[in-house]
Amino acid sequence: MSDGTDTGMMPPWRATVLTLYPEMFPGPLGLSLSGDALARGAWSLEARNIREHGLGRHRNVDDTPAGGGAGMVLRCDVLGSAIDAAAPADDSRPRLLMSPRGKPLSQARVRALAEGPGAVIVCGRFEGVDERVIEGRGLEEVSIGDYVLSGGEIAALVLIDACVRLLPGVMGKHESGVEESFEDGLLEYPHYTRPRDWEGRAIPDVLMGGNHGQIARWRAERSRALTRTRRPDLLRDGNG
C-alpha cells in the first residue's frame with residue numbers, strides 16, 4: 001500500500017502571489033479547466049497579503065516618491081520582507097513583477113514557465129515599486145500589454161491562466177495547446193462547426209472534403225494571411 005510519498009511523481013506547479021488584495025484569488029482561476037486542475041492538485045495557488053509585513057499600527061506599505069511627484073510607491077523594506085517570507089533563497093521559482101514597463105509576455109515565455117516549478121508573482125499597486133527591491137530580489141518585470149491597470153492582480157491572473165492550461169492533463173488533447181495562435185509564431189487559422197450553412201455563410205468546401213493534406217495546407221495559408229493582415233510584426237520576426 002502506498003503511503004502517498006511517491007518520489008517518482010513531479011511536484012505540482014506552484015503559484016505564489018504577493019498582493020494587497022488576496023481575496024481576488026483564485027477568482028476565475030477557480031473555474032473551468034484551471035479550477036478543475038486546482039481541485040485535483042495538478043497545481044497550487046497561494047495568495048499572500050503584502051500588508052502582513054506593513055509597518056506600524058496601520059500596517060503601512062507605501063510612502064511618497066523620492067524627488068516628489070504624484071501618488072505613492074510600495075516600500076522596498078516591506079515588499080522585500082514579503083518576498084523573503086514567501087520565497088526563501090533556495091526557492092528556484094522565477095520571481096516576476098507584473099508591470100506595464102516589463103517585457104511583453106509571449107507564448108514562448110508562458111511555455112517556459114509552465115515547464116518549470118511555478119512562479120512567485122508580485123502584484124504592484126500605486127505608482128509603482130521601489131526600484132531597489134526589484135534589483136535586490138531579482139524581480140523579472142512582465143507586461144501583458146501596452147496599457148495600465150489599477151494593479152498587477154488581473155495581469156497575474158492572465159499569466160497564471162496561460163501557464164496552467166499548458167500543464168500536463170489540464171487540456172483534453174495535446175494538440176489543443178499546439179495548434180493555436182503564437183505557438184508557431186503565427187495567428188491561428190479560422191474554425192468552423194455545424195451547421196454547414198448559417199445565414200448564407202457556408203463552411204469552406206476544403207474542410208468538408210476529407211483530404212487532410214489539403215486541409216493542412218488551407219489552414220497554414222489562412223494562418224499566414226491572418227497574420228499578414230492583423231499582426232505583420234510577427235512575420236517580420238521571421239515567421240513569414
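The values are calculated or read from the model by the stated rules, or taken from the named source; none is laboratory data. Quantities reported herein were computed from a predicted structural model and do not represent experimental measurements. So basically every Cβ, Gly included, is an ideal-geometry build from the backbone, and we count neighbours across all protein chains shown. Ligands, DNA and RNA are excluded from the accessible area calculation, which covers all protein heavy atoms including side chains. Shrake-Rupley method; radii C 1.70, N 1.55, O 1.52, S 1.80 Å.
Observations, loosely collected:
- Residue count, the stretch 85-127 (criterion: touching a Ser or Thr at 6+ places or on another chain (Cβ under 9 Å) and assigned to a loop (DSSP other than H, G, I, E, B)): 8
- Residue count for the stretch 32-70, restricted to those that are out of contact with any Lys or Arg (no Cβ under 7 Å at 6 or more places or on another chain), open to solvent by 60 Å² or more (accessible area, probe 1.4 Å) and among the hydrophobic types (A, V, I, L, M, F, W, C): 4.
- Pair list, Cβ under 8 Å, 6 or more apart: the stretch 39-67 residue closer than 30 Å to residue 169 by Cα, other residue among the aromatic types (Phe, Trp, Tyr): 42/13; 43/13; 44/13; 45/25; 47/25
- Against the numbered list (1) at pLDDT below 95; (2) out of contact with any strand residue (DSSP E or B) (no Cβ under 7 Å at 6 or more places or on another chain), residue 200 comes up short only at (1).
- Residue match in the stretch 5-22 (condition: out of contact with any strand residue (DSSP E or B) (no Cβ under 6 Å at 6 or more places or on another chain), open to solvent by 40 Å² or more (accessible area, probe 1.4 Å) and modelled with pLDDT of 95 or more): yes
- Number of the exception - residue 114 against (1) within 20 Å of the chain's Cα centre (by Cα); (2) of a type in the set (A, V, I, L, M, F, W, C); (3) open to solvent by 60 Å² or more (accessible area, probe 1.4 Å): (3)
- Across the stretch 93-107, not a single residue is classified as without any contact (Cβ under 8 Å) to a residue 40 or more places away in the chain and either more than 26 Å from residue 184 (Cα to Cα) or of a type outside the set (Ser, Thr, Tyr) (or both).
- When residue 189 is tested against (1) outside any helix (DSSP H, G or I); (2) closer than 18 Å to residue 107 by Cα; (3) open to solvent by 90 Å² or more (accessible area, probe 1.4 Å), only condition (3) is not met.
- Enumeration of residues in the stretch 128-145 that are assigned to a loop (DSSP other than H, G, I, E, B) and either closer than 20 Å to residue 91 by Cα or at pLDDT 95 or above (or both): 130, 137, 138, 139, 144, 145
- Note on the stretch 71-102: residues that are closer than 13 Å to residue 134 by Cβ and open to solvent by 50 Å² or more (accessible area, probe 1.4 Å) amount to 2.
- Residue tally, condition surrounded by fewer than 12 Cβ atoms within 10 Å (Cβ to Cβ) and either farther than 19 Å from residue 107 by Cβ or charged (D, E, K, R) (or both), over the stretch 222-240: 5
- Residue match in the stretch 170-183 (condition: surrounded by 15 or more Cβ atoms within 10 Å (Cβ to Cβ) and at pLDDT 95 or above): yes
- When 200, 209, 213 are checked against the criterion of being open to solvent by 80 Å² or more (accessible area, probe 1.4 Å), of a type in the set (Gly, Ala, Ser), over 24 Å from the mean Cα position of the chain (by Cα) and farther than 17 Å from residue 108 by Cβ, 200 stands alone in meeting it.
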